[in-house]
Amino acid sequence: MDSYTEIIRAFSRDLSSEFTIRQVSKQINKSYAYTNTKCRELISQGILHKKIVGASILCRLNYANDVTIALLALSSAAEKDDKLGKAKDDAESLRKALKNSADVIILNDNKFCIIARDELECNDKLSLLKVNADVISLEQLKQLVRDNQESIILIHGFENFWRMVSDAK
């Protein structure tokens, strides 16, 4: 995984997180000098916001930046492959069956949650599948993200998901 994606993944575990560069270096298990260089590059590109606190630089994600959203989506895709395990076949079947109906599909506590523009159509398609899934509202998604973000595995609609989350901030 490239260094930018590792840094973004560290921040994406808690959307309101702010870390010093030293804290980021510990999370990604890289030297301070290396992490400092990469974080400063992300700051100069507008992907991270910086705040000077004493002698430290405190960083947080800039959700208004399209590249930030793209890096979050890339990080989520890599994490999906790492964590899905035995649910991978169900996730792929669900993604294919709902590809035109679902904006976002997540796995939360071994249950698929789907955000769709047309909930009725999505529910009709779901009734034909033998997969443990619910269609949820955007408000329910926002609540899930606030309450339980670390347990969510993003399956489909990476960019849509991060745009929804950034709009909720």
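The values are calculated or read from the model by the stated rules, or taken from the named source; none is laboratory data. A quick note: this is a predicted structure, and the numbers were derived from the prediction, not measured. FYI the Cβ positions are ideal-geometry reconstructions off the backbone, even for glycines, and counts take in every protein chain you see.
Just give me the residues in region 113-131 being touching a residue at least 40 places away in the same chain (Cβ under 8 Å) and more than 20 Å from Asn160 (Cα to Cα), in sequence order. Across region 113-131, the qualifying residue is only Val131. Can you find a residue that is within 20 Å of the chain's Cα centre (by Cα), among the acidic types (Asp, Glu) and farther than 19 Å from Ser12 by Cβ anywhere in region 141-152? The answer is no, given that none of the residues of region 141-152 is within 20 Å of the chain's Cα centre (by Cα), among the acidic types (Asp, Glu) and farther than 19 Å from Ser12 by Cβ. For beta carbons closer than 7 Å, sequence separation of 6+ or different chains, a first residue in region 2-23 that is over 20 Å from Ala78 (Cβ atoms) and a second that is among the β-branched types (Val, Ile, Thr), the qualifying pairs are Thr20/Ile57; Ile21/Thr35; Ile21/Ile57. Within region 72-87, the set of residues being crowded, with 22+ Cβ neighbours inside 10 Å and touching a strand residue (DSSP E or B) at 6+ places or on another chain (Cβ under 9 Å) comprises Leu72, Ser76.
Going by the conditions given, is Asp90 exposed (fewer than 13 other Cβ atoms within 10 Å of the Cβ) and either farther than 22 Å from Glu159 by Cβ or among the aromatic types (Phe, Trp, Tyr) (or both)? So Asp90 does not fit the description; no. Can you name every residue in region 133-156 that is modelled with pLDDT of 80 or more and either of a type in the set (Gly, Ala, Ser) or outside the structural domain of Asp89 (by TED's automatic domain parsing) (or both)? The answer is Ala133, Ser137. In the set Lys125, Lys130, Lys50, Lys80, only one residue is more than 17 Å from the chain's Cα centre (by Cα), among the basic types (Lys, Arg) and at pLDDT below 80; that residue is Lys130. Condition check: among the small types (Gly, Ala, Ser) and in a helix (DSSP H, G or I). Does Ala73 satisfy that? Taking the combined requirement at face value, the residue satisfies it. Please go through region 95-120 and give me each residue that is over 18 Å from Leu141 (Cα atoms) and either under 18 Å from the mean Cα position of the chain (by Cα) or surrounded by 15 or more Cβ atoms within 10 Å (Cβ to Cβ) (or both), ordered by number. Of everything in region 95-120, just one residue is over 18 Å from Leu141 (Cα atoms) and either under 18 Å from the mean Cα position of the chain (by Cα) or surrounded by 15 or more Cβ atoms within 10 Å (Cβ to Cβ) (or both), namely Ala97.
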